[in-house]
Amino acid sequence: MPKKTVYKATIEHLQILNEDGKLDASLAKNTLTDEEVAFLFEQMVIWRHFDEVAFKLQRSGRMGTYPQNKGQEAAALGSGFAAKKGTDFLVPCYRENAALFLHGLAPHMILLHWMGDERGNQIPDNVNCTPISIPIGTQMLHATGIAWAYKIRKEPRCVVTYFGDGATSEGDFHEAMNFASTLEVPCVFFCQNNQWAISVPREVQMASETVAQKALAYGMPGMQVDGNDMFAVFKATRDALDRARKGGGPTFIEAVTYRLADHTTADDAKRYRDVKEVEAWTKKDPIIRHRKFLESKGLWSDKKHAEVEAKAKKIVDEIIKTAEGIEKPSPADIFNYTFAEIPEQLRVQRDTMRTNSLGQDPSQTGLKTEHAHTR
Amino acid sequence: MPELNLVQAINQALAQEMERDERVVVLGEDVGLNGGVFRVTEGLQAKFGRERVVDTPLAESGIIGASIGLAMADMRPVPEIQFEGFLGPAYDQLVNHAARFRTRTRGAITIPMTVRVPVGGGIHAPELHSDSPEAIYSHSPGLKVLMPSTPYDAKGMLLAAIRDPDPCIFFEPKRVYRSFKEEVPEGDYEVPIGQAKVVSEGDDITVVTWGAPVFQCLAAMDELPDDVSVELIDLRTIYPMDTDTIIESVRKTGRCVVVHEAPRTAGMGAEIATVIQEACFLHLEAPVQRVTGFDTVMPYYKLELDYLPESPRIVQAVRECLAY
Ligand SMILES: Cc1ncc(C[n+]2csc(CCOP(=O)(O)OP(=O)(O)O)c2C)c(N)n1
Ligand SMILES: [Mg+2]
């Protein structure tokens, strides 16, 4: 008997605004209005400045390790803008700050996190996101569970979860994809393929030609978009969310972008990647093309840009002041959030800040110490 | 003799063992061209090629699971897990597979693998980059657990671990990576697994520790009055434990403080205190004291020094133990 084809697939790549700022008008229909693009571009400029200042804070010893978002703002903003603020829920990694800010996260909290303070993760009830996630590839399962709950309760809400190209190598990623598609949950898997996982390039990370095609193995729609094009990112995410909201299940979006900075402030990308590659991608910087587009529409000018940059400076100065104005947490905070109710032995550790029995109960030693606890 | 820091000593051990034994392969995230995020594998790929120094996909379960296979097929894998917090995804492969093969095949299949893992706090690192999970793996029969604190020991212990016929976890205290240099012989030598080191001899009290807290204990000793004579023991291997050295010392001093970064409950301090009460009961002058991390999640860095067993807490505990 002749062999027959039982499965065939293609992966589409969507670009609406090219690197020269040229828009495909027919594809752009029903995507972003001019005003929305201007608003989002302003956000891009502000959060690019935030990112540069965060880098400097680390360099001057005022903050710990920080992963720059530079170059990936269009992916964050286009997708974040497609999700409904106050309704949908974001489950991020750490390279989509701007999406979280769009959804109401106070920006100083991101700094607080990288300043080594858990209060940067204390997300208020009225902001729909989880804190940034350090262990790679783990959060997509949580996103799947949240979306599953929405489905069980028949709420018209969706989840967008973010992760990198490298994260798609972790087992948890594959389990999340399989759970999400078999349970048909309203979740958008948004992969920021920035070409690198620290020093490992995409083609060493995986043998598949695209990241998006991994979705097909799970029976999930998968597509690629130009991640530096807000129109394409917005359209793909919005369409995926529309479908999910109607019970159509999850979608995988690969946003093709580039990490213009080092992996983190602890990294030196010159060790492993070619400056020519960085130069080529610098030309595709989302700031360049969106500005060109807005200028061509008469919606942006040098003067306007200078105004926005001045505004960005003011906003970011204020954010830093807020973050640095927060006093060091009390050592009791190490203990107070371990459980709803603190167990007795932990209470003693907290109240004495000691772990040795004689330090916890000086009456045993015959020693007088100022550390007698409050039992 | 050249002076090396911990990073350089480990790097030298890896290079020399790869030279000596062509079955040795180094694998992990960013270990190749980048030389690892702490540069411990720097230059190895240039020297030994991409077949033997391998940038793997970003998957810890994959790294350990595939290393098990390499070991079964008579290779000598030396996988790196980038930070101890990321042993999490590899836990199943380590504990349920690597640790059990010899027993469940009655010796037919063995896993000579050495998992290198940066460990511990004190370097202002982000979440899950500062934990101390040595007790978890010491509690998992079939794994040997090592944690050198000096460049000399690190080189000798790593060579011993790679040549050991069983799976070893080789914890490298980050806080010590570049903190000091010491003379390290260029030639081949082993520091045997399972041998503690008496760092300084003393008669009044025994302090047992390992990893970065060795240096907190030394700082504490400087702050104690001159007439207090402390015997400081660096355990070096957590499992199998050199109980003889501990017992001999405590029988002499009658007092003991155990210091570790990991949480107190079910930490190695509990095991050591039990060994002491079993073997030194009639010699004890005071209850064994534990100066450890608290029974909480390791805090982010603003509070990490409040959590870690820094020298003031050690000084207090030693004084309290002596006064008992
Ligand atoms: C489970 C786990 N393993 C390893 C690491 C160390 N690490 C941090 S970021 C990173 C690379 C991530 O690459 P990718 O998923 O592409 O995201 P990107 O940083 O490029 O945005 C690695 C290996 C980690 N944080 N978590
Ligand atoms: Mg990446």
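The values are calculated or read from the model by the stated rules, or taken from the named source; none is laboratory data. Note that the coordinates shown come from a computational prediction; the quantities given were computed from them, not determined experimentally. Because the Cβ atoms are built from the backbone with ideal geometry, glycine has one as well, and the counts that use them run over all protein chains shown. Just the protein is used for accessible areas: all its heavy atoms, side chains included, with ligands, DNA and RNA removed. Shrake-Rupley method; radii C 1.70, N 1.55, O 1.52, S 1.80 Å.
Going by a 1.4 Å probe on protein heavy atoms, which residues of region B:298-324 end up with at least 20 Å² less accessible surface in the whole assembly than in their chain alone?
B:299, B:300, B:301, B:302, B:303, B:306, B:313, B:316, B:320, B:323, B:324
What share of the DSSP beta bridges in the protein assembly as shown is antiparallel, in percent to the nearest 5?
Once the DSSP bridges in the protein assembly as shown are tallied, antiparallel ones form about 15 percent.
When the Cα centres of region A:75-115 and region B:204-260 are compared, how far apart do they sit, in Å?
That distance is 49 Å.
Projected onto the charge dipole of the protein assembly as shown (+1 at Lys/Arg Cβ, -1 at Asp/Glu Cβ, origin at the Cα centre), which of A:293, B:235, A:147 gives the Cα projection farthest towards the positive end?
So the residue furthest toward the plus end is A:293.
Total Å² of accessible surface buried at the B-A contact, 1.4 Å probe, nearest 100?
4100
Quick check: the angle from helix A:73-82's long axis to the longest principal axis of chain A, C-alpha only, nearest 10 degrees?
90
Let a ≥ b ≥ c be the square roots of the eigenvalues of the Cα gyration tensor of region B:5-83; is it rounded (a/c under 1.5), or, if not, prolate (a/b larger than b/c) or oblate?
oblate
Under 20 Å from a point 7 Å along the Cα-to-Cβ line of residue B:72: which residues of region B:21-38 have their amide N that close?
B:23-28
Multiply the residue separation of residue A:326 and residue A:56 by 0.36 nm, subtract the distance between their alpha-carbon atoms, and state the gained length in nm to one decimal.
This chain segment gains 95.3 nm when fully extended.
If each of residue A:152 and residue B:228 carries a label point 7 Å out from its Cα toward its Cβ, how far apart are those two points in nm?
5.5
Solvent-accessible area per residue for region A:109-258 at a 1.4 Å probe radius, Å²?
For region A:109-258, the per-residue accessible area is 32 Å².
Can you figure out the FRET efficiency of residue A:304 with residue B:92, using R₀ = 41 Å and their beta-carbon distance, to the nearest 0.05?
Taking R0 as 41 Å, the efficiency between residue A:304 and residue B:92 is 0.15.
What share of the DSSP beta bridges in region A:13-325 is antiparallel, in percent to the nearest 5?
If I count the DSSP bridges inside region A:13-325, around 10 percent turn out antiparallel.
Averaging sequence separations of C-alpha pairs under 8 Å and six or more residues apart, then dividing by the length of chain A, give the relative contact order as a whole percent.
Relative contact order of chain A: 22 percent.
Once R0 is set to 41 Å, what does the formula 1/(1 + (r/R0)^6) return for the Cβ-Cβ distance between residue B:323 and residue B:179, expressed as a FRET efficiency to the nearest 0.05?
Approximately 0.80, to the nearest 0.05.
Note down the relative contact order for region B:3-183 as a percent, whole number, built from C-alpha pairs under 8 angstrom at least six residues apart.
With pairs under 8 Å counted, the relative contact order is 26 percent.
In region B:173-244, what chymotrypsin sites (Phe, Trp or Tyr not before Pro) fall in a loop by DSSP, with at most 13 other Cβ atoms inside 10 Å?
Answer by residue number: B:180, B:189.
Just report the Cα centroid separation between region A:252-267 and region A:268-309, whole Å.
15
Compute the Cα gyration tensor for region B:123-249, then decide on rounded, prolate or oblate, letting a ≥ b ≥ c be the square roots of its eigenvalues: rounded whenever a/c is under 1.5, prolate when a/b is larger than b/c in the other cases, and oblate in all that remain.
rounded
Take the alpha-carbon centre of region A:9-69, take the same for region B:119-154, and report the distance between them in whole Å.
40
Write down the Kirkwood hydrodynamic radius of region A:1-77, to one decimal in angstroms, obtained as one divided by the mean of 1/r over all alpha carbon pairs.
Across region A:1-77, the inverse of the average 1/r is 16.4 Å.
Where the Cα atoms of the protein assembly as shown are projected onto their three principal axes, how long is each span, largest first, in whole Å?
Principal axes ranked by extent give 88, 68, 52 Å for the Cα atoms.
What distance in nm lies between label points placed 7 Å from Cα along the C-beta direction at residue B:1 and residue B:285?
3.4
Mind checking which of B:44, B:137, B:123 is farthest towards the positive end of region B:3-183's charge dipole, using Cβ charges of +1 (Lys, Arg) and -1 (Asp, Glu) about the Cα centre?
About the Cα centre, the residue reaching furthest to the positive side is B:137.
If you wrap a convex hull around the Cα atoms of region A:91-196, how much volume per residue is inside, in Å³?
100
Once you place label points 7 Å from the Cα toward the Cβ at residue A:123 and residue A:208, how far apart are they in nm?
If labels sit at residue A:123 and residue A:208, their model points lie 2.6 nm apart.
Over region B:27-107, average the accessible area per residue using a 1.4 Å probe and give it in Å², no decimals.
Using a 1.4 Å probe on heavy atoms only, each residue of region B:27-107 averages 40 Å².
With a Cα-only, solvent-free Debye model of region B:197-323, what are the log10 I(q)/I(0) values at q = 0.17 Å⁻¹?
The computed values of log10 I(q)/I(0) come out as -0.80.
For residue A:22, list the aspartates and glutamates whose Cα falls under 18 Å from its own Cα; do not include residues on the same chain fewer than 8 positions away.
In chain and number order, the partners are A:34, A:35, A:36, A:226, A:229, A:285, A:295.
Compute from the Cα atoms of chain A the Rg and the Dmax, the latter being the longest Cα-Cα distance, and quote both in angstrom.
23.5, 92
On a 0 to 90 degree scale, rounded to 10, what angle separates helix A:230-245 from the longest Cα axis of chain A?
80
Quote the FRET efficiency, to the nearest 0.05, computed for residue A:297 versus residue A:274 with a Förster distance R0 of 51 Å and r equal to the Cβ-Cβ distance.
0.90
Are there any chymotrypsin sites (Phe, Trp or Tyr not before Pro) in region A:243-306 that are in a DSSP loop and have at most 11 other Cβ atoms within 10 Å? List them by number.
Hits after loop and neighbour filter: nothing returned.
When the helix-only estimate is applied to the protein assembly as shown (DSSP H runs of n ≥ 4, each -39,500 (n - 2.57), divided by the residue count), what is the mean residue ellipticity at 222 nm, nearest 500 deg cm²/dmol?
-11500 deg cm²/dmol
Determine the dipole magnitude for the protein assembly as shown: charges of +1 sit on the beta-carbon of Lys and Arg, -1 on that of Asp and Glu, nothing else is charged, the reference point is the Cα centre, and the result goes in debye to the nearest 20.
With Lys and Arg at +1 and Asp and Glu at -1, about 2420 debye.
Principal axis extents for chain B, Cα atoms only, whole Å, descending order, please.
That gives 59, 42, 39 Å along the principal axes, largest extent first.
Could you work out the local net charge near residue A:14, counting Lys and Arg as +1, Asp and Glu as -1, over the other residues with Cβ closer than 9 Å to its Cβ?
Residues near residue A:14 contribute -2 overall.
List, in the order given, every pair from A:4/A:214; A:70/A:328; A:56/B:155; A:85/A:328; A:321/B:302 whose Cα-Cα distance in the structure shown is over 27 Å.
Going by Cα-Cα distance, A:70/A:328; A:56/B:155; A:85/A:328 fall outside the 27 Å limit.
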